[in-house]
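Bear in mind these aren't lab numbers, they're just calculated from the coordinates by the rules spelled out. This one's a predicted model, so the numbers in the text were calculated from it and none came from an experiment. As a convention, Cβ positions derive from the backbone with ideal geometry for all residues, glycine included, and neighbour counts pool all protein chains shown.
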Amino acid sequence: MESAAPTVHAMRLELEELAEQLRYHEAAYRAGRAEIPDAAFDDLFDRYAELADALGVPATERLDARPGSDHTEGFAEVEHRIPMLSLEKLTPNRKDGRGEPMALDAQLALWVERRRQDLELAKDARLPLFVEPKIDGISVSLRYEAGRLVQAVTRGDGRKGDDITRQIQRARAVPDRLVDVEGSLEIRGELYWPRPAFEAHNARLKASGEEPIANPRNGTAGMIKRKELAGLEDAGLASFLYQVPWSSGVALPSTQSGVLRWLGERGAPVYAGHTAVLEDVAAVVAHCESFGRLRGTLAFDIDGMVVKVEELKHYAVLGATGHHPHWGIAYKFPPERKATVLRGVELGVGKSGKITPVALLEPVGLAGTVVSRASLHNFVEVARKDIRVGDTVLVEKAGDIIPQVVDVVRSLRPEGAEAIARPTHCPACGASVVVEEIFIHCPDPGCPAQRRERLLHFGQRRAMAIDGLGESLVDQLVETLGITRPDALFGLEVAQLSGLERMGRKSAENLVRALDAARGRGLAKVLYALAIRHVGETMSDDLAAYFGSAEALLAFARRYVEGDASAVASVAPESGSGAIEGLARKTADVIFRELDSAPVRAVFAGLAAAGVKLDALRAVRVEREGVAGKTFVLTGTLPTLKRDAAAEMIKEAGGKTAGSVSKKTDYVVAGDDAGSKLDKAKELGVAVLDEAALLALLGRA
Ligand code: IVH
């Protein structure tokens with residue numbers, strides 16, 4: 001019997017998978033090749049947060065404590081005066097106390113009620129709400145001084161973003177001047193690429209034989225991070241501005257609708273159509289839905305509506321979390337859904353042997369791309385929905401990214417539609433499968449499909465970070481050079497590698513160098529890289545920190561597997577928490593059994609023989625006089641050092657870093673664009689260092 005509610009175990013697995021996707025997309029974003037819109041990234045985060053909440057994952061271990069960043073190499077980073085947060089969302093998958101799905105209007109009513117409580121409003125007091133479209137673009141923060149645009153910054157990680165002033169000015173996407181504005185103000189809004197201009201740009205690309213851009217949002221993100229400005233003025237980028245989070249010497253209206261009007265009157269582009277001030281929740285929902293119907297007819301993409309408290313005086317009282325303010329909420333439109341025919345099913349085998357069904361579809365255009373493959377989740381889902389080959393199925397993109405089959409249209413089932421059989425054997429190696437809860441696994445770690453996936457995972461940035469170890473190389477390493485285990489990678493030589501397809505001598509040398517660098521990453525990275533079930537990044541860090549070395553870890557695993565009661569009780573006691581936070585008995589059984597298995601032991605032995613560091617890395621602290629015990633505050637962009645690297649050096653020398661300047665601060669290290677922290681340092685008479693002076697103090701000059 002399957003139960004309707006997911007088990008804690010299934011939730012943990014989903015959480016780990018989401019974490020992996022989030023890391024992947026964050027890395028892609030950082031590398032300047034984002035594959036998904038911000039909003040889709042936010043959706044993944046939302047589901048992650050929902051599961052993390054339900055599972056009680058401690059704040060320090062949560063991925064959502066660190067937002068993604070749009071930082072691009074070569075752009076100066078600027079700290080936001082006020083963080084750029086996300087928005088909380090009304091979501092169709094929210095459940096009430098009895099596990100029943102909650103209608104959006106019920107969720108909105110709850111949200112409004114909570115605002116009323118927080119504002120201590122009397123029963124008959126009014127709380128007007130302002131409703132405006134949620135533009136699917138790139139958020140930007142603009143600073144105007146005496147009406148002149150002086151700086152434009154991307155959202156970045158929410159605390160600091162990239163300086164795109166030159167790009168914005170060249171693209172003429174926001175006004176250079178505002179009329180009749182004295183004083184200083186920060187204005188936020190959304191950059192977007194109007195459809196007609198975007199399509200004209202794509203037509204030009206196609207005419208010159210270049211690849212067209214996938215969608216306007218990704219196109220905007222790419223355009224504003226161009227280092228070469230030529231041509232930006234012809235692209236036709238535009239913006240809608242919607243918020244003034246900070247101002248000085250400016251008299252602003254007291255409502256959100258007033259601010260939009262005020263901005264518009266001064267020459268700022270604001271979206272004035274289809275906004276409304278409403279009080280009744282049903283009217284808000286009706287307004288959102290009626291605007292949703294116009295979605296396809298607009299010149300810009302919207303992914304929902306934003307409902308905001310209209311009176312700005314309430315904002316400070318309502319406050320914010322680290323993720324979103326409490327004065328607004330997003331009303332997201334449901335994702336696009338299309339019908340198409342299921343032509344067949346392919347079986348995928350993951351790095352830990354999980355066998356998943358993938359739908360092969362009659363190609364169909366969906367939310368901007370042509371979809372021919374989609375996830376069928378797992379075989380329990382396939383059976384529950386009774387999906388058959390030949391059926392007409394409904395497809396949508398989860399979080400706007402990953403196509404998935406969500407339903408089947410029974411009435412269109414043709415005669416002879418074939419049921420999808422659960423595999424009894426692994427499609428790659430033929431081993432008999434094992435069933436664990438809702439998943440089917442290939443139990444043989446020697447399975448070629450698993451080996452390939454594990455080799456790929458081993459080299460990933462979050463694992464051993466081996467640059468150049470991509471899919472096509474891994475396939476060749478397996479097929480041509482017979483590499484099956486990660487430890488064997490370290491024995492590769494330039495002569496062997498340079499014989500492979502698309503591998504010149506230079507790339508071969510680079511790979512050998514990358515492998516050499518990977519030798520020193522330490523036990524936590526090695527553990528994560530080995531793709532042992534249930535050993536995600538946090539678990540790897542915890543195991544490495546607790547055991548200190550692979551030797552101690554493997555010795556313990558042997559004791560655990562042999563049933564040594566004290567070993568078992570120390571890490572995973574029957575109740576409560578053992579030495580490793582959050583490690584349940586069942587999970588511990590899997591982890592230590594796998595660590596103690598012959599294949600994993602052989603890989604560890606191979607890694608040791610290849611000179612890979614199998615001890616936990618510990619920061620080497622060599623205290624330096626003048627730094628040890630002192631508190632530093634870093635601000636602005638340093639000429640060569642990244643802020644994290646500078647902080648790390650200070651810590652290694654025994655110093656501390658803090659986020660804000662106070663009387664207890666010993667030094668402020670200031671780079672370009674150092675803002676209020678530098679002013680505060682001067683006010684308090686705190687010593688100010690530049691990068692060179694810091695390096696001298698650290699003895700690294
Ligand atoms: S209000 C605290 N109003 O949506 C940030 N945001 O998913 C809320 N967005 O980062 C700002 N249209 O970039 C606001 N009319 C609108 C918006 C809007 C698009 C973006 C914004 C924000 C993201 C959150």
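Using 1/(1 + (r/R0)^6) with R0 = 45 angstrom and r between the beta carbons of Val434 and Arg513, what's the FRET efficiency to the nearest 0.05?
Given R0 = 45 Å and the Cβ-Cβ separation, E is 0.65.
Return the inverse of the average 1/r over all pairs of distinct C-alpha atoms in the chain, which is the Kirkwood hydrodynamic radius, in Å to one decimal.
28.7
Hand me the trypsin sites (Lys or Arg not before Pro) from segment 609-672 located in a DSSP loop with no more than 14 other Cβ atoms within 10 Å, in residue order please.
Qualifying residues, ordered by number: Arg618, Arg621, Lys642, Lys663, Lys664.
Reported to two decimal places, what Rg/Rh ratio describes segment 627-701 when computed on Cα atoms with Rh from the Kirkwood expression?
0.92
Applying the Karplus parametrisation 6.51 cos²θ - 1.76 cosθ + 1.60 with θ = phi - 60° to the phi angles of segment 151-158, what ³J(HN,Hα) value in whole Hz is obtained for each residue in order, glycine and proline being reported as x?
Computed from phi, the couplings for segment 151-158 are 7, 10, 9, 6, 5, x, 9, x Hz.
Compute the separation of the alpha-carbon centres of segment 451-510 and segment 580-640 and state it in Å as a whole number.
The distance from the Cα centre of segment 451-510 to that of segment 580-640 comes to 24 Å.
Given contacts defined as C-alpha pairs under 8 Å and at least six residues apart, what's the relative contact order of the chain, whole-number percent?
Answer for the chain is 9 percent.
In whole Hz, with x marking every Gly and Pro, tabulate ³J(HN,Hα) for segment 297-312 from phi via Karplus 6.51 cos²θ - 1.76 cosθ + 1.60, θ = phi - 60°.
Going residue by residue, I get 9, 8, 7, 9, 8, 10, 10, x, 10, 10, 9, 10, 5, 6, 7, 5 Hz, with x marking Gly and Pro.
With the cut-off at 20 Å, tell me which of the pairs Lys313/Lys677; Lys651/Lys680; Lys525/Lys613; Lys338/Lys385; Lys630/Lys682 have Cα atoms farther apart than that.
Lys313/Lys677; Lys651/Lys680
For Arg337 and Glu479, FRET efficiency with R0 = 35 Å and r from the beta-carbon atoms, rounded to 0.05?
Efficiency for this residue pair is about 0.30.
List the trypsin sites (Lys or Arg not before Pro) within segment 384-474 that DSSP assigns to loop and that have no more than 14 neighbouring Cβ atoms inside 10 Å.
Passing both the DSSP loop test and the Cβ count: Arg461.
Gain in length, Ala609 to Ala54, computed as 0.36 nm per residue apart minus the alpha-carbon separation, to one decimal in nm?
195.5 nm
What would the Debye formula give as log10 I(q)/I(0) at q = 0.11 Å⁻¹ for the alpha-carbon point model of segment 525-603, no solvent?
The computed values of log10 I(q)/I(0) come out as -0.23.
Modelled label-to-label distance, Arg505 and Ser676, 7 Å Cα→beta-carbon offset: nm?
Taking the simple label geometry, Arg505 and Ser676 are separated by 5.8 nm.
In square nanometres, what is one fourth of the surface area of the convex hull spanned by the alpha carbons of segment 284-380?
For segment 284-380, the mean projected area of the Cα convex hull comes to 10.8 nm².
Return the long-range amide H neighbours of Ser239 (sequence gap of 5 or more, or a different chain), with a cut-off of under 5 Å between placed amide H atoms.
So Ser239 has HN proximity to Tyr192.
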